[in-house]
Amino acid sequence: MNTVLGTIPAEELGLVAIHEHIGYGMPGSELDTTWWKTPEQRYEETVPKLRKFHEYGGGTFVDATGICNGRDVDYYKSLSAKTGVHIVACTGFVGGDTALPHFARATVEYLTEVFTHEITIGIGDTGSRAGVIKVGVSRGGRMTELDKRIYRAAARASLSTGVPILTHLAIDAENAIAIFQEEGLPLDRVLFGHVDDGVNADKTRDTWIAEQGGRVGFDTFGYETELEDPPFWARPRQERLDHFLRFLAAGHLNVAFAGADANCSPLGWPGVKGHTVNYIFEDLIPDLRKSGLDEATIRTIFVDNPADFLSIHA
């Protein structure tokens, strides 16, 4: 498994926050002085959250921030060394609509080369290699032509490197799965994310994705309508929890993942007050226990499933 500080065995990952962000923003957000923070302010905001995550028993933080969205691997290396949390960086894009024009015009072959280089050689001159490939559906809920090129390139890079794929949203999964199948990628190398978000949950075929062999991420836990200032993708806490429990009860435990999709120090926007990666420990796991899940099941969701998924499959 590639982390920003080097390769480690999957069994050392511990409890995994599978889909999170150290600092996410849209391209150009660094120029938005309304919400701009100095590197020192971002560091001061982020370190306590990661330290608390480590104190709670968290082992690994998968940063799902793609190219062009504020990914800063040297910064991640510093945070990992400071807090003891393994940090996994990704290559790829949150969605085609977050890619700068240079990439928006790129061919599948070029994108494949970029992803493969960042996985096998390193990201920039950091010496750190990506451990996952991020892909996503652009705004509008249907894959654009650029999205499709990115998904196809991700499939090829995954096949050649053994590194898995994380998706932003699981809508339009039919098109995604068709591309992965055309490329010969086993669907257990793909985690279809955000099936639980408050905007698209009723349009996501979570059980169908699982039946096709894909992995399924309920990874926007904590974005609740009960928050002081909830975002537009918020959802009632109990409704989301019940959705997840129904998925598990349908026999899909071994492909189930859960996370918070929290942003430690948002770039170019104020962020969501009261929501951090530690929702996993402070609210989600206690809620799962109250709902009757035993410790073995909780370990499967947060330790065993991520270790299997994040392993590099040669």
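Assorted remarks:
- Any chance Leu267 is part of a loop (DSSP other than H, G, I, E, B) and touching a Gly at 6+ places or on another chain (Cβ under 6 Å): yes
- Flag if Asp202 is in a helix (DSSP H, G or I), free of Cβ contacts under 8 Å to residues at least 24 places away in the same chain and surrounded by fewer than 18 Cβ atoms within 10 Å (Cβ to Cβ): yes
- Any chance Gly274 is under 23 Å from Ile87 (Cα atoms) and touching a residue at least 12 places away in the same chain (Cβ under 8 Å): yes
This table checks each residue for (1) open to solvent by less than 30 Å² (accessible area, probe 1.4 Å); (2) at pLDDT 95 or above; (3) in contact with a Lys or Arg (Cβ under 9 Å, 6 or more places away or on another chain).
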{"residue": "Phe257", "(1), (2), (3)": "yes, yes, yes"}
{"residue": "Ala262", "(1), (2), (3)": "yes, yes, yes"}
{"residue": "Thr276", "(1), (2), (3)": "no, yes, yes"}
{"residue": "Tyr279", "(1), (2), (3)": "yes, yes, no"}
{"residue": "Asp287", "(1), (2), (3)": "yes, yes, yes"}
{"residue": "Glu295", "(1), (2), (3)": "no, yes, yes"}
{"residue": "Arg299", "(1), (2), (3)": "no, yes, no"}
{"residue": "Ala307", "(1), (2), (3)": "yes, yes, no"}
{"residue": "Leu310", "(1), (2), (3)": "yes, yes, no"}
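- Pairs with Cβ under 9 Å, 6+ apart, first in region 16-32 and more than 19 Å from Gly58 (Cα to Cα), second part of a strand (DSSP E or B) and of a type in the set (Asp, Glu): Tyr24/Asp63
- From Val132, Val88, Val114, residue being touching a Pro at 6+ places or on another chain (Cβ under 8 Å) and either open to solvent by 10 Å² or more (accessible area, probe 1.4 Å) or touching a residue at least 60 places away in the same chain (Cβ under 8 Å) (or both): Val132
- With respect to the conditions (1) open to solvent by 50 Å² or more (accessible area, probe 1.4 Å); (2) more than 20 Å from Phe257 (Cα to Cα); (3) over 15 Å from the mean Cα position of the chain (by Cα), His54 falls short on a single one, namely (2).
- Scanning region 46-72 for residues that are touching a strand residue (DSSP E or B) at 6+ places or on another chain (Cβ under 9 Å) and part of a helix (DSSP H, G or I) gives Leu50, Lys52, Phe53, Tyr56.
- Here Leu245 passes the criteria (1) free of Cβ contacts under 8 Å to residues at least 12 places away in the same chain; (2) closer than 17 Å to His194 by Cα; (3) surrounded by 15 or more Cβ atoms within 10 Å (Cβ to Cβ) except the one numbered (1).
- Test: residue in region 21-43 that is open to solvent by 10 Å² or more (accessible area, probe 1.4 Å), out of contact with any Lys or Arg (no Cβ under 6 Å at 6 or more places or on another chain) and closer than 27 Å to Gly162 by Cα: yes
The values are calculated or read from the model by the stated rules, or taken from the named source; none is laboratory data. Note that the coordinates shown come from a computational prediction; the quantities given were computed from them, not determined experimentally. With ideal geometry, Cβ positions are generated from the backbone for all residues, glycine too; neighbour counts draw on all protein chains shown. Note: areas computed on protein heavy atoms with side chains; ligands, DNA, RNA excluded. Shrake-Rupley method; radii C 1.70, N 1.55, O 1.52, S 1.80 Å.
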